[in-house]
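Asker: I am attaching a structure below and will ask some questions about it afterwards.
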Amino acid sequence: MDQPGLVVLFGSGETSASAQKIYHKLFTSLTPPVRLSILETPAGFELNSAWVAGQVASFVEKHLQNFAPEITVVPARKRGTEFSPDDPDITASLWSSNVIYMGAGSPTYAVRQLEDSLAWHTLTARHRLGAGIVLASACVLAASAYTIPIYEIYKVGEDLHWKTGLNFFGPYGLSLAFVPHWNNTEGGANLDTSRCFMGQPRFAQLLHMLPDTVTVVGIDEYTGLIIDLNAETCHVLGPGGVTVLRDGNERYFDGDQPFATTELGSFRMPRPSTGIPPEIWQKAQVAEAEPPMATAATPSAEVLALLEKRQAARTRRDWSTADRIRDQMSKLGWQVRDTPNGPELVPFDD
């Protein structure tokens, strides 16, 4: 019987000391080995999106080393480019991953790039077949039925409004609006930055704009919400808690005890293939039944030639060309680690 994997939602701190316990709970729920794919998509508009994703990879590799995780960074940055979330080669590692991560960036950009994309449908299919999903920062917002356009309001000054999100939990009968950084205090005494930098007065106005059927789920800083859809329970891990606003009522949950998914709405378990194109669902089932393919241990002549070109670009401090070449090598299944003794070629999933 197909069963969905765990869903982990970070309020913040996905690479902090408090996150280690949360990843540990997820990784121990999986059949080893842990095969983690990190999607660059939410930050794909940034020039350093690979670095952003790489920070997460480095954290997991260092702090969860007992699991010997096999990590792939997926440069699915922007539709209509050579790094598209609709490119089968770019997204290939998702088929064999049992953990898929998305984090920092822009929630509205993430929605535009992922909605009805190959990457998103593959992620959904893998989750329905048991893969764990980890969402942090922008992607907690993007997974909502309605998402707050944080940058547009907080940085640009647009009028208060909501955008349609990816609605990850819609097939489960839940209409949810997630708000990470719920208790944020970065603004100090002079600026209310709670409610994901909206502040309580503005957020009160935003609440009135939502349909009555939507449940708001606020997740505190450095805190994770783990949703076990199969067991129909939610667990809070970390120093903070989770605030649920539903039907005019407010409830607060911390790590003392789990709470039922029905606290979030009228939960139901959908058919596993609901909302997934038939060809993607079929391929996901085939991939689930087959062992993951091993990456060749010896780099090809093409990869070695690209490595030489990248080194030449780095020598002349042409960082943009070096990054572009690195991304080409990623598409061919190889990552570059720059060490004090020179570059090291490592196959993905090695």
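Please treat every number below as a calculation from the coordinates, not as lab data. Predicted, not measured: the structure shown is a model, and the values here were computed from it. Cβ sites come from the backbone with ideal geometry, for glycine too, and all protein chains shown count toward neighbours.
Asker: Given points 7 Å out from each Cα along the Cα-Cβ axis, report the VAL156 to ALA289 separation in nanometres with one decimal.
Answerer: So the label points at VAL156 and ALA289 sit 4.7 nm apart.
Asker: Arrange the following residues from fewest to most other Cβ atoms within 10 Å of their Cβ: TRP51, TRP162. Intermediate results must be reported in sequence, preceding the final value.
Answerer: Numbers: TRP51 13, TRP162 17.
Fewest-to-most ranking of TRP51, TRP162: TRP51, TRP162.
Asker: Taking a temperature of 25 °C and a viscosity of 0.890 mPa s, what whole-number D in µm²/s does Stokes-Einstein yield for the range 178-241 with Rh from Kirkwood over alpha carbon pairs?
Answerer: Details: Rh = 13.0 Å.
Taking Rh from Cα pairs, D becomes 189 µm²/s.
Asker: While we're here: Rounded to the nearest 5, what % of the DSSP beta bridges within the range 7-289 are antiparallel ones? Don't skip to the end; give the middle numbers.
Answerer: On the way: 22 of 42 bridges.
Roughly 50 percent of the beta bridges in the range 7-289 run antiparallel, per DSSP.
Asker: Still on this structure, please answer the following. When the Kirkwood hydrodynamic radius is evaluated over all pairs of different C-alpha atoms of the chain, what value in angstrom, to one decimal, is obtained? Don't skip to the answer; put the middle values down first.
Answerer: On the way: mean 1/r = 0.0479 Å⁻¹.
One decimal place: 20.9 Å for the Kirkwood radius.
Asker: Between THR31, GLN311, GLY255, whose Cα lies farthest towards the positive end of the dipole of the chain when Lys and Arg beta carbons carry +1 and Asp and Glu beta carbons carry -1, centred on the Cα centre?
Answerer: GLN311
Asker: Angle, helix 118-128 long axis vs. longest principal axis of the chain, Cα atoms, 0 to 90°, nearest 10?
Answerer: In the chain, helix 118-128 runs at an angle near 70 degrees to the longest axis.
Asker: For the range 160-298, divide the Cα radius of gyration by the Kirkwood radius and give the resulting Rg/Rh value with two decimals.
Answerer: Details: Rg = 18.7 Å, Rh = 17.5 Å.
My calculation puts Rg/Rh at 1.07.
Asker: Relative contact order, percent, of the range 301-347 when contacts are C-alpha pairs under 8 Å separated by at least 6 residues? Intermediate results must be reported in sequence, preceding the final value.
Answerer: Values: 40 pairs, mean separation 13.1, N = 47.
Normalised by residue count, the contact order of the range 301-347 is 28 percent.
Asker: Now, a different point. Normalised by the number of residues in the chain, what is the relative contact order in percent for Cα pairs under 8 Å and 6+ residues apart? Walk me through the numbers on the way to the answer.
Answerer: Working: 711 pairs, mean separation 61.9, N = 350.
That works out to 18 percent.
Asker: Treating cross-link reach as a plain straight distance, find the aspartates and glutamates whose alpha-carbon is under 18 Å from the alpha-carbon of LYS155, omitting any fewer than eight places away in the same chain.
Answerer: The qualifying aspartates and glutamates are GLU46, GLU186, ASP192.
Asker: Pull out the extension gain between PHE267 and TYR252, defined as 0.36 nm times the separation in residues minus the alpha carbon to alpha carbon distance; nm, one decimal.
Answerer: Working: separation 15, 0.36 × 15 = 5.40 nm, distance 1.90 nm.
Extending this stretch completely gives an extra 3.5 nm.
Asker: Using a basic spin-label model with each label point 7 Å from the Cα along Cα→Cβ, how many nm lie between THR321 and HIS63?
Answerer: For the pair THR321/HIS63, the computed spacing is 3.8 nm.
Asker: Using 0.36 nm per residue of separation minus the Cα-Cα distance, give me the extension gain between LYS163 and THR274 in nm, one decimal.
Answerer: On the way: separation 111, 0.36 × 111 = 39.96 nm, distance 2.31 nm.
Residue separation times 0.36 nm, minus the Cα-Cα distance, leaves 37.7 nm.
Asker: Determine the calculated [θ] at 222 nm for the chain from helices alone, applying -39500 (n - 2.57) to every DSSP H run no shorter than 4 residues and normalising by the residue count; nearest 500 deg cm²/dmol. If you can, show how the numbers build up before the last one.
Answerer: Working: 9 runs with 99 residues, N = 350.
The helix contribution divided over the chain gives -8500 deg cm²/dmol.
Asker: Output the 0 to 90 degree angle, nearest 10, between the alpha-carbon long axis of helix 319-331 and the longest principal axis computed from the alpha carbons of the chain.
Answerer: 90
Asker: Here's something else I'd like to know. Mind ranking 98-109, 204-215 by how tightly packed they are, going by the mean number of other C-beta atoms within 10 angstrom, highest first? Let's see the in-between values first.
Answerer: Working: 98-109: 24.5, 204-215: 13.1.
Packing order, densest peptide first, comes out as 98-109, 204-215.
Asker: Go from 0 up to the bin containing the longest alpha carbon distance in the range 301-347, width 5 Å each, and give me the % of pairs per bin.
Answerer: Bin by bin from 0 Å, the calculated values are 5, 23, 36, 26, 9, 0.
Asker: What is the P(r) of the range 97-214, as percent of Cα-Cα pairs per 5 Å bin from 0?
Answerer: Reading upward from the zero bin: 2, 11, 20, 24, 18, 12, 8, 4, 1, 0.
Asker: Based only on other Cβ atoms within 10 Å, what is the fewest-to-most ordering of ARG126, ARG79, ARG268? Working shown, then result.
Answerer: Details: ARG126 26, ARG79 18, ARG268 12.
Listed from fewest to most nearby Cβ atoms, that is ARG268, ARG79, ARG126.
Asker: Here's something else I'd like to know. In this model, which of LYS25/LYS283; LYS283/LYS331; LYS21/LYS331; LYS309/LYS331; LYS25/LYS78; LYS25/LYS331 are farther than 22 Å apart at the alpha-carbon? Can you show the working numbers first?
Answerer: Numbers: LYS25/LYS283 28 Å; LYS283/LYS331 20 Å; LYS21/LYS331 32 Å; LYS309/LYS331 16 Å; LYS25/LYS78 32 Å; LYS25/LYS331 31 Å.
Table pairs above 22 Å Cα-Cα are LYS25/LYS283; LYS21/LYS331; LYS25/LYS78; LYS25/LYS331.
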